[in-house]
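Here's the structure, in structure tokens; my notes come after.
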Amino acid sequence: MPATAPRGVGHLRGDEPFPAAARRALADAQLRRNLGHATTTIRAKSGAVIGELPDWEQLRAAGSAIKADVLARLPELLEQLEAAVTAAGGTVHWAADAVAANQIVTDLVAATGSDRVIKVKSMATQEIGLNEALAAAGITAVETDLAELIVQLGEDRPSHILVPAIHRNRAEIREIFLRAMPGVDPALTDEPAALAAAARRYLRQTFLTTPVAVSGANFAVAETGTLAVVESEGNGRMCLTLPETLITVMGIEKVVPTWRDLEVFLQLLPRASTGERMNPYTSMWTGVTPGDGPQAFHLVLLDNGRSAVLADEVGRQALHCIRCSACLNVCPVYQRTGGHAYGSVYPGPIGAVLSPQLTGVEDNASLPYASSLCGACYDACPVKINIPELLVHLRAEHVAAQRRPTAESVAMAAAAYAMDHPALYAAAQRAARLTRLAGRRGRGLPPPLSGWTIGRDLPEPPARSFRDWWARR
Ligand code: SF4
């Protein structure tokens, strides 16, 4: 069985189980207001532009089919990608896990002599804890996506795939900028335009003075070795074009076979994520071009548990994800708890099925239960990932992995035995009626079965059983 993501590095495991973290998040009224407002707005925008496309369902089916094909022949496509990137002047590195990927990137940056890198927003580098690894080597990483910058300056954690600072309102952002942004005007207001201008001034200076950039990638086209990053601010394009050296860290599942396949995802992604008809900044590059853009390009292909996900025929559909975040915005659980409660860098419904598979289900055992199984995520997903099916699959895996019998399994075994022995069953019914007479109704079951009755009323045993009624006839 391929290895899962190693412990002690990166951000795939939380410090506490989901129910405990969720309980604390639910007590934060400001957080719930911010989340409710943001997810409702994005959802309405996205729904409107999706409704304009008569072939949306066909596009979803095509996206799903392309991803299934990619996973079925992943080794072949990755080798094709490596050959094309190398032919175009880039260098490809293979990283089995977060430790290897962090080491590769740190060594590459150190070799340039720079002690600072600029970063395009990237889930993969957050997953492996790259900023911390670089800091340990004396290298400062500056996030350039506005929301990521807010999270970094606030010494916070991202709480949404697409809108990492969704839990912050503008007054909080002003406070963070005044506290942590170098050279900020003390008279800064909380007007969105003023906040954006302050970030722009700070970032422009950083772009012009930093020789190395680190990015993620949304897609890589195997036939030509072309990498693609989609973003909506233009800061990503600055990172991808201004520095001398560009290092891209990409999960191995992001490869697509051809440009025709990319066409499908570039229609699905903006409508499902930000509710736009077309993505504002789509940057694509192939290797290096003399005299134009970065003159050294490195592509780090990251596994970190993905081969283990691929080995599970049901679970592997989680690797279809194009990180649009539509499932987060429709999820009644995410909308109330926000992203931090999930512990992993991947929050919401997709996080609940992807993180436990990358780490092994025992390291994120509470996440498959962080759902009401309402199915809204499945309906919203532009590549038709059946998240409810995956949640149930992982719950079953978790139960099967538990060697100790649970209170529930003991109770079920006892019930099965009693039902198989008529005399014992009749005695159990009499005992249940005695409990009723003793007035225990509504007080729940005693430990260890009390957990079952925390959220349910214990049914009242009937005054007369069917057996009694039958016997008296
Ligand atoms: S699972 Fe589907 S809806 Fe959720 S982020 Fe991934 S692609 Fe988007």
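Of everything in the stretch 367-397, what is away from the ligand (no atom under 13 Å from the Cβ) and open to solvent by less than 30 Å² (accessible area, probe 1.4 Å)? Give them in sequence order. Within the stretch 367-397, LEU367, PRO368, ALA370, LEU394 meet the criteria.
Among the residues of the stretch 211-262, those that are over 27 Å from LEU319 (Cβ atoms) and surrounded by fewer than 23 Cβ atoms within 10 Å (Cβ to Cβ) comprise PRO211, GLU233, GLY234, ARG237, MET238, THR241, LEU242, GLU244, THR245. Pairs are defined by a Cβ separation below 6 Å, a sequence spacing of at least 6 or placement on different chains, a first member in the stretch 362-377 that is aliphatic (A, V, I, L, M), and a second member that is within 16 Å of the ligand (Cβ to nearest atom); the pairs so defined are LEU367/ALA352; LEU367/SER355; LEU367/PRO356; ALA370/VAL333; ALA370/ALA352; LEU373/PRO388; ALA376/VAL330. Looking across LEU149, LEU203, LEU208, one residue alone is open to solvent by 30 Å² or more (accessible area, probe 1.4 Å), aliphatic (A, V, I, L, M) and more than 30 Å from PRO75 (Cβ to Cβ). It is LEU208.
Is there a residue being of a type in the set (S, T, N, Q), open to solvent by less than 30 Å² (accessible area, probe 1.4 Å) and away from the ligand (no atom under 13 Å from the Cβ) anywhere in the stretch 306-315? Within the stretch 306-315, none of the residues are of a type in the set (S, T, N, Q), open to solvent by less than 30 Å² (accessible area, probe 1.4 Å) and away from the ligand (no atom under 13 Å from the Cβ). Output the number of residues of the stretch 3-37 satisfying the condition of being outside any helix (DSSP H, G or I), more than 28 Å from GLY305 (Cβ to Cβ) and among the aliphatic types (A, V, I, L, M). Of the residues in that region, 1 qualify. Condition check: away from the ligand (no atom under 16 Å from the Cβ) and not charged (D, E, K, R). Does GLN295 satisfy that? Spelling it out, GLN295 is indeed away from the ligand (no atom under 16 Å from the Cβ) and not charged (D, E, K, R). Evaluate the stretch 354-363: report whether one residue or more is surrounded by 14 or more Cβ atoms within 10 Å (Cβ to Cβ), of a type outside the set (D, E, K, R), farther than 25 Å from ASN329 by Cα and modelled with pLDDT under 95. No, the stretch 354-363 contains no residue that is surrounded by 14 or more Cβ atoms within 10 Å (Cβ to Cβ), of a type outside the set (D, E, K, R), farther than 25 Å from ASN329 by Cα and modelled with pLDDT under 95.
Are any of the residues in the stretch 69-87 modelled with pLDDT under 95, under 23 Å from the mean Cα position of the chain (by Cα), open to solvent by less than 40 Å² (accessible area, probe 1.4 Å) and not small (Gly, Ala, Ser)?
No - not one qualifying residue is present in the stretch 69-87.
Here the helices (runs of 4 or more DSSP H) wholly within the stretch 348-416 that include at least 3 residues being more than 26 Å from GLN126 (Cα to Cα) are 387-401.
Rundown of residues vs (1) open to solvent by 60 Å² or more (accessible area, probe 1.4 Å); (2) on the phi > 0 side of the Ramachandran plot; (3) modelled with pLDDT of 75 or more, yes/no style:
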site: PRO422; (1), (2), (3): yes, no, yes
site: TYR425; (1), (2), (3): yes, no, yes
site: GLN429; (1), (2), (3): no, no, yes
site: LEU434; (1), (2), (3): yes, no, no
site: ARG440; (1), (2), (3): yes, no, no
site: LEU445; (1), (2), (3): no, no, no
site: PRO448; (1), (2), (3): yes, no, no
site: TRP452; (1), (2), (3): yes, no, no
site: GLY455; (1), (2), (3): yes, no, no
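If the condition is being under 24 Å from the mean Cα position of the chain (by Cα) and at pLDDT 95 or above, then the stretch 105-122 contributes VAL105, ILE118, LYS119.
Just to check your reading of the model, which residue among GLY129, GLY113, GLY138 is at positive phi and free of Cβ contacts under 8 Å to residues at least 12 places away in the same chain?
On the way: GLY129 fails: free of Cβ contacts under 8 Å to residues at least 12 places away in the same chain; GLY138 fails: free of Cβ contacts under 8 Å to residues at least 12 places away in the same chain.
On inspection, the qualifying residue turns out to be GLY113.
The numbered conditions (1) within 16 Å of the ligand (Cβ to nearest atom); (2) surrounded by fewer than 20 Cβ atoms within 10 Å (Cβ to Cβ); (3) in a helix (DSSP H, G or I) are all true for PRO332 except (3). Against the numbered list (1) touching a helix residue (DSSP H, G or I) at 6+ places or on another chain (Cβ under 6 Å); (2) within 25 Å of PRO158 (Cβ to Cβ), ARG23 comes up short only at (1). State all residues of the stretch 118-141 that are farther than 22 Å from GLY234 by Cβ and of a type in the set (Gly, Ala, Ser); if no residue qualifies, say none. Of everything in the stretch 118-141, those that are farther than 22 Å from GLY234 by Cβ and of a type in the set (Gly, Ala, Ser) turn out to be GLY129, ALA133, ALA135, ALA136, ALA137, GLY138. Residues being more than 30 Å from THR91 (Cα to Cα), surrounded by fewer than 24 Cβ atoms within 10 Å (Cβ to Cβ), of a type in the set (A, V, I, L, M) and within 16 Å of the ligand (Cβ to nearest atom) are entirely absent from the stretch 316-329. Could you give me the residue pairs with C-beta distances under 6 Å whose first residue belongs to the stretch 280-300 and is among the aromatic types (Phe, Trp, Tyr), whose second residue is surrounded by 15 or more Cβ atoms within 10 Å (Cβ to Cβ) and not in a loop (DSSP other than H, G, I, E, B) wherever it lies, and which are 6+ apart or on separate chains? So the pair list comes out as TYR281/GLU231; TYR281/ARG237; TRP285/LEU227; PHE297/LEU246.
From the list GLY348, GLY339, pick out the single residue that is within 9 Å of the ligand (Cβ to nearest atom) and open to solvent by less than 10 Å² (accessible area, probe 1.4 Å).
GLY348
When THR125 is tested against (1) under 24 Å from the mean Cα position of the chain (by Cα); (2) open to solvent by 40 Å² or more (accessible area, probe 1.4 Å); (3) under 19 Å from GLY251 (Cα atoms); (4) of a type outside the set (Gly, Ala, Ser), just one condition goes unmet, and that condition is (2).
The values are calculated or read from the model by the stated rules, or taken from the named source; none is laboratory data. The structure displayed is predicted, hence computed values, not measured ones. FYI the Cβ positions are ideal-geometry reconstructions off the backbone, even for glycines, and counts take in every protein chain you see. Just so you know, the surface numbers come from the protein's heavy atoms only, side chains and all, with ligands and any DNA or RNA stripped out. Shrake-Rupley method; radii C 1.70, N 1.55, O 1.52, S 1.80 Å.
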